[in-house]
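Asks: I'd like to ask you about the structure that follows.
Only the coordinates and a few stated rules stand behind these numbers; no lab work does. Small disclaimer: the values here were computed from a predicted structure and weren't measured. So basically every Cβ, Gly included, is an ideal-geometry build from the backbone, and we count neighbours across all protein chains shown.
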Amino acid sequence: MNYWQRRQHQLNQQLEKDEVRLKKRLSSFYDTEFRKLDRQIAAYYKQYGTDHVIEYRRLLEELPLEDKRLLIEQMDVFAEKYPQYAHLMPVRESVYKLDRLEGLQYSIRMQQLEIGAVTQKEIREHLERQALRGGNAAAQAMGFGENFYSMNPDIVKQFVGAAWSNGENFSQKIWRNTEKLAGYLNTDIAQGFARGDSYEKLVRNLRQRFGKVSRKDAYRLIYTEGTYVMAEATMQPFIEDFEEYRLSTAADGKVCDLCRELAKKKFRIQDRQPGANFPPLHPWCRCTFTIEVEDWDKWIEDYENRHGNGQAEKTAGRLKDGGENAILDKTSDKEEVDVHIVGKIDKNIYKCITEDIVTDEVIITDERIQHIKERHPNDYERFYSYIPEIIENPDYIIEANKSNTAVILKEIEEQGEKFKLVLRLKVESDPVEYKNSVMTFWYIGDTTWRKSLKNKKILYKRE
Ligand SMILES: [Zn+2]
């Protein structure tokens, strides 16, 4: 590891510490907001229900004037506090036509907007902090001093709002998640009332939805956007004086397997493209990069000719011998490449197998990769990039004939391709060195899909 790689490692550790703190803050904020929603639902049951069941008919009556006034007030407060998001609110006039059910749904939508606005602010501040820290660290590696960007933070902070994946920036992603959750909650409520669900049952469903969706979406966004911002901000100081970089997959002795092939190649800095040849390459990717120079002596000479500041040799020393050699070192050290992180799971989904899951990190070993390659020729090479999505969002989990093991069925929607994956979960009683591990996976056809669902017990089904 050279100076720059050690520095990136430190940056990632600081980033992860900040992420833990941010997630704690958001999580307790979501809890508070859910309690507000719970109180509102309770009030509805009290007002319009008998024996813990709502009389659906009464929900279709006009919303009382007082409630309309409260809604308008809620909207005014929001517009004043967040003028930049005021356009996301439904139109004011429509409030006067609402029935009681719609009034509640309207208010839920407003609450989700408020939650979205707070989430926006928290994540933006977090990412800006990372951008500045990363940019300064890279500038320091160039010999520019450790607070290079502090006077001009916008140069590195600009990446925080950039649209890099599917033309959407993080802010748009948050609003899309907000919209989605508001929609789910409103459907849950309407259907629950129509079915005659008790207050307890309805609130239980909403809590599931609220807790799971808001946290899961936010956590994933925080992680992947953090990698994006860190990679772009740290690249800035190098752009002017360097031509090439290489992806660096080593972190904590675990290698990001999805990115391993890419890390064998060098790319031009100006051709870098997050999601294609520059981090993040996939959700939960935390890869970094090294600066690559064919002939360092020539580079030192050129640099001194251009800048003449006597820094070239030191800068070269900090960046040299990173990429390829570092990768070769790793490959020669069996311990370190034996295990590859492939993604994270939501323990809530897998609790149908065991309540006792120790970690959310999932790995695959070289031995298992070899197994898959032998048993299911080409499946690994063609489809391994789907593994994170398969384990993160399974369509079905069906019974396995081994304990603590999940058999996952997943259809990748865009392509209509179907997969079966066997995941061994790590439980408390397992040896420390065990991890949640992908045992095998393969491409399956429609018939196998149907038979598996027909013949095996279904333990989990995606909603
Ligand atoms: Zn990666």
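Asks: If you take the charge dipole of the chain about its Cα centre, with +1 on Lys and Arg Cβ and -1 on Asp and Glu Cβ, which of LEU421, LEU202, ILE222 is farthest toward its positive end?
Replies: Going by the charge dipole, the pick is LEU202.
Asks: Ok, one more. Within the set LYS410/LYS454; LYS212/LYS351; LYS264/LYS314; LYS180/LYS216, which residue pairs have Cα atoms separated by over 19 Å?
Replies: The answer is LYS264/LYS314.
Asks: Length gain on complete extension for the stretch LYS201 to ASP297, per 0.36 nm per residue less the alpha carbon to alpha carbon distance?
Replies: 27.4 nm
Asks: While we're here: So which aspartates and glutamates can LYS46 reach, going by Cα to Cα under 18 Å and dropping same-chain residues fewer than 8 places off?
Replies: List returned: ASP38, GLU55, GLU61, GLU62, GLU66, ASP67, ASP99, GLU102, ASP197, GLU200.
Asks: Determine, for each peptide in 57-69, 436-448, the mean count of other beta carbons within 10 angstrom over its residues, then list the peptides with the highest first. It would help to have the intermediate numbers written out before the result.
Replies: On the way: 57-69: 13.6, 436-448: 17.1.
With the highest mean Cβ count within 10 Å placed first, the list reads 436-448, 57-69.
Asks: Among GLN130, SER107, VAL213, pick out the residue whose Cα is farthest towards the positive end of the charge dipole of the chain, where Lys and Arg carry +1 and Asp and Glu carry -1 on C-beta, about the Cα centre.
Replies: The listed residue farthest towards the positive side: SER107.
Asks: How large is the helix-only mean residue ellipticity at 222 nm for the chain, computed as the sum of -39500 (n - 2.57) over DSSP H runs with n ≥ 4, divided by its residue count, in deg cm²/dmol to the nearest 500?
Replies: My calculation for the chain gives -17500 deg cm²/dmol from helical runs alone.
Asks: Show me the ranking of peptides 198-209, 143-154 by mean Cβ neighbours inside 10 Å, starting with the highest.
Replies: Output ranking for 198-209, 143-154: 198-209, 143-154.
Asks: Please compute the modelled spin-label separation between ARG39 and ARG6, points set 7 Å along Cα→Cβ, answer in nm with one decimal.
Replies: 5.4 nm
Asks: Which distance in nm do the two modelled labels at SER28 and LYS314 give, with both placed 7 Å along the Cα-to-Cβ direction?
Replies: The two pseudo-label positions are separated by 4.3 nm.
Asks: Moving on. Under the 0.36 nm per residue contour assumption, what length would be gained going from the current alpha-carbon distance of GLN47 and THR447 to full extension? Could you put the intermediate results ahead of the total?
Replies: Working: separation 400, 0.36 × 400 = 144.00 nm, distance 5.19 nm.
So the chain would gain 138.8 nm between GLN47 and THR447.
Asks: Remind me, what semi-axes does region 112-157 give for its equivalent ellipsoid, largest first in whole Å, using sqrt of 5 times each Cα gyration tensor eigenvalue?
Replies: Value: 29, 8, 5 Å, ordered largest first.
Asks: Still on this model: List the pair-distance distribution P(r) of the chain, using every Cα-Cα distance, as the percent of pairs falling in each 10 Å bin from 0 up to the bin containing the longest distance, rounded to whole percents.
Replies: Result, from short to long distances: 4, 17, 24, 23, 18, 10, 4, 1, 0 percent.
Asks: In addition: Per 0.36 nm of contour for each residue apart, how much would the distance between ALA194 and ARG382 grow if the chain were fully extended, relative to their Cα-Cα spacing? Don't skip to the answer; put the middle values down first.
Replies: Working: separation 188, 0.36 × 188 = 67.68 nm, distance 4.64 nm.
That works out to 63.0 nm of additional length.
Asks: Can you pull the one-decimal nm distance between simple spin-label points at GLN370 and GLU389, each 7 Å off the Cα toward Cβ?
Replies: 3.0 nm
Asks: Order the peptides 361-372, 71-82 from the highest to the lowest mean number of other Cβ atoms within 10 Å of their residues.
Replies: With the highest mean Cβ count within 10 Å placed first, the list reads 361-372, 71-82.
Asks: Translational D (Stokes-Einstein, µm²/s) of region 82-150 at 10 °C and 1.306 mPa s when Rh comes from the Kirkwood sum over C-alpha pairs?
Replies: 104 µm²/s
Asks: In whole Å, what are the Cα extents of region 158-199 along the three principal axes, biggest one first?
Replies: 50, 17, 8
Asks: If I take the Cα coordinates of region 338-461 and project them onto the principal axes, what are the three extents in Å, biggest first?
Replies: 38, 31, 25 Å, listed from the longest principal axis down.
Asks: Report Rg(Cα)/(2.2 N^0.38 Å) for region 1-73, keeping two decimals.
Replies: Details: Rg = 23.8 Å, N = 73, 2.2 N^0.38 = 11.2 Å.
Here the answer is 2.12, to two decimals.
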